[in-house]
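Note sheet for the following structure.
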Amino acid sequence: MNDFQGKIAIVTGATTGVGEGISLELFNRGATVVITARNKDDVIAKANQIDPSGRRVIPFQTDIKDHLAVKALIDTCMQRLGAIHYLVNNAGITGPHGISICDYAIDDWYDVINTEV
């Protein structure tokens, strides 16, 4: 079992699914985890759920399609925590639900591609 005690991890797309699971596992193994998502309320709620003490899970609203938001995330983590040891690039979207990929509007398709980068 890896020991992440004293390590700092950033997990993008951390409020559901795989990102949520990775964040919880890193936390359980001792890491301080900066969790990110586009929705501020969701990321705050998830941080409180994983770490009710608020000491080792830090919520950060970030849209990874916005390079300035990503820079702000990195800069804030470095200033506040002094290091970043792990980065889990998990954020991703599937596009509009309930329609075939062939029927996506071009802007919806660009949104998927730009999130996955």
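The numbers here are math on the coordinates, done by the rules we state, and not lab data. Not measured: the values here are computed from a predicted model. Please note: Cβ atoms are built from the backbone with ideal geometry, for glycine as well, and neighbour counts cover all protein chains shown.
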(message) Looking at the chain as a GNM with Cα springs under 10 Å, which of 99, 84, 22 has the largest mean-square fluctuation?
(response) 99
(message) Can you compute the helix-only [θ] at 222 nm over the chain? Use -39500 (n - 2.57) per DSSP H run of at least 4 residues, normalise by all residues, nearest 500 deg cm²/dmol.
(response) -13000 deg cm²/dmol
(message) Which residue fluctuates most in the GNM of the chain (Cα springs below 10 Å): 32, 94, 15?
(response) 94
(message) How much length would be gained if the chain were fully extended between residue 97 and residue 16, taking 0.36 nm per residue of separation minus their Cα-Cα distance, in nm to one decimal?
(response) 27.5 nm
(request) Would you mind getting me the FRET efficiency between residue 75 and residue 107? Use the beta-carbon distance for r and R0 = 41 Å, nearest 0.05. (result) 0.90
(request) Give me the distance in nm between label points sitting 7 Å out from Cα along the Cα-to-Cβ direction at residue 61 and residue 39, one decimal. (result) 1.3
(request) Enumerate the amide H contacts of residue 10 below 5 Å, restricted to partners 5 or more residues apart or on another chain; note that Pro and chain-start residues carry no placed amide H. (result) 34, 86, 87, 88
(request) Just rank 76, 115, 16, fewest to most, by other beta-carbon atoms within 10 angstrom. (result) 16, 76, 115
(request) Take the Cα gyration tensor of region 8-116, multiply each eigenvalue by 5, square-root it, and list the three semi-axes largest first, rounded to whole angstrom. (result) 27, 15, 11
(message) Connecting C-alpha atoms closer than 10 Å in a GNM of the chain, tell me which of 58, 101, 93 has the biggest fluctuation.
(response) 101
(request) Determine the relative contact order of region 8-116: mean sequence separation of Cα pairs under 8 Å and six or more apart, normalised by residue count, in whole percent. (result) 28
